[in-house]
Amino acid sequence: MQAKTEIKLPAGNPDHLRIKELVNAAAKTRGGFRQLAEHMDVHPQLVSNWKNGVKTPSPEAQAELAVIANTNVLVTALIALIEKSTGTRKDRLQQAYRKWMKGQTPSLNT
């Protein structure tokens, strides 16, 4: 029996599973990965690289994927910016996201 080859993602890699799900949802909406690539005017290998965590789509590409997948574009773009940012900017964006999320959580005292 062959041992499974484990793919190691580089430290600091954005949430690969989130991006994979986003790419899969967008591909499903467009009818496949090749059709998604054509729609986005990118090479099919790039879409494959996004899906497999080899490359990270830019915040703009993630927002476009969210539009295609009919998911929340603003949250997707903000998460992508947080992942791309460093230092104080990243901290401020994370605080803004947490504050926004608290406002989205329904109150149990209602």
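The values are calculated or read from the model by the stated rules, or taken from the named source; none is laboratory data. The structure presented is a predicted model; accordingly, all values stated were derived computationally and were not measured. All Cβ positions, glycine included, derive from the backbone under ideal geometry; neighbour counts span all protein chains shown.
Among the residues making up the range 45-63, those that are of a type in the set (A, V, I, L, M), free of Cβ contacts under 8 Å to residues at least 24 places away in the same chain and assigned to a helix (DSSP H, G or I) are 46, 61, 63.
Okay, residues lined up against (1) farther than 27 Å from residue 85 by Cβ; (2) among the aromatic types (Phe, Trp, Tyr); (3) modelled with pLDDT of 95 or more:
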residue	(1), (2), (3)
5	yes, no, no
8	no, no, no
33	yes, yes, yes
37	yes, no, yes
47	no, no, yes
55	no, no, no
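Residues are listed down the side, and each one gets a yes or a no for (1) in contact with a Cys (Cβ under 6 Å, 6 or more places away or on another chain); (2) modelled with pLDDT under 90; (3) in a helix (DSSP H, G or I):
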residue	(1), (2), (3)
67	no, no, yes
74	no, yes, yes
89	no, no, yes
103	no, yes, yes
109	no, yes, no
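Sub-8 Å Cβ pairs linking a first residue in the range 20-35 that is free of Cβ contacts under 8 Å to residues at least 40 places away in the same chain to a second residue that is assigned to a helix (DSSP H, G or I) and surrounded by fewer than 17 Cβ atoms within 10 Å (Cβ to Cβ), at least 6 apart or interchain, are 27/35; 30/39; 33/44; 33/48; 34/44, ordered by first then second residue. When residue 42 is tested against (1) assigned to a loop (DSSP other than H, G, I, E, B); (2) among the β-branched types (Val, Ile, Thr); (3) under 14 Å from residue 22 (Cα atoms), only condition (3) is not met. Among the residues of the range 65-79, those identified as buried (at least 20 other Cβ atoms within 10 Å of the Cβ) and either more than 19 Å from residue 41 (Cβ to Cβ) or not hydrophobic (A, V, I, L, M, F, W, C) (or both) are 76, 79.
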